[in-house]
1. Among what's in region 46-56 and is crowded, with 17+ Cβ neighbours inside 10 Å and modelled with pLDDT of 90 or more, pick the residue that is nearest to residue 83 (Cα to Cα).
2. So residue 73 clears everything in (1) farther than 19 Å from residue 101 by Cα; (2) modelled with pLDDT of 95 or more except one condition, right? Which one?
3. List the pairs whose first member sits in region 151-171 and is at positive phi, whose second member is outside any strand (DSSP E or B) and surrounded by 15 or more Cβ atoms within 10 Å (Cβ to Cβ), and whose Cβ atoms are under 9 Å apart, counting only residues at least 6 apart or on separate chains?
4. For region 29-68, what are the residues that are within 26 Å of residue 159 (Cβ to Cβ) and either in contact with a helix residue (DSSP H, G or I) (Cβ under 9 Å, 6 or more places away or on another chain) or not in a strand (DSSP E or B) (or both)?
5. Pick out the one residue from 92, 99, 80 that is free of Cβ contacts under 8 Å to residues at least 12 places away in the same chain, more than 10 Å from the chain's Cα centre (by Cα) and either over 16 Å from residue 53 (Cα atoms) or surrounded by 16 or more Cβ atoms within 10 Å (Cβ to Cβ) (or both).
């Protein structure tokens, strides 16, 4: 099951709840333009071992019927892999296109690892998370902090399953002994 499947499941559940006859659900013109709307939502994808692999929390999640995009605000994504450990990505907003192959994040994007060996802290304004390959990429300016060491560059590619990070161009750094 992937994040897209979880979102689709929530859409189905919302659709069933919205059709109730008891009148608990108020509708207006904007509701007809959205497939579903969730607040304070948590979506979890489990790995083969039954443990959470991806946990997505968002202040709001809204599906737009016109283009089938899913819009998220105030989101936190926790990703865990046996090889790379746990990573947390936060952003002001996100968009999951109808293809559901990548989650596009923007606004104060922050990536942190929980590895005690000194995982990097990565900051950028926007990035894409490929939900099928678990690769994070951006062509925007990026700042990477490793303990006391600091790197800046343009463009980034992180393969979460391998724990590899590559800055693409204009790389400048400061390494403190």
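1. From region 46-56, those crowded, with 17+ Cβ neighbours inside 10 Å are 53-56; that's our starting set.
If we keep only those that are modelled with pLDDT of 90 or more as well, we get 55-56.
Details: 55: 18, 56: 20 Å.
The extreme case among them is 55.
2. Residue 73 satisfies all of (1) farther than 19 Å from residue 101 by Cα; (2) modelled with pLDDT of 95 or more except (1).
3. 163/84; 163/119
4. Within region 29-68, 43, 44, 45, 47, 48, 49, 50, 51, 54, 56 qualify.
5. Working: 92 fails: free of Cβ contacts under 8 Å to residues at least 12 places away in the same chain; 80 fails: free of Cβ contacts under 8 Å to residues at least 12 places away in the same chain.
Every option except 99 fails the conditions.
The values are calculated or read from the model by the stated rules, or taken from the named source; none is laboratory data. What you are looking at is a predicted structure, and each value in this text was computed from that prediction instead of being measured. For neighbour counting, all protein chains shown are included, and Cβ atoms are generated from backbone atoms with ideal geometry for every residue, glycine included.
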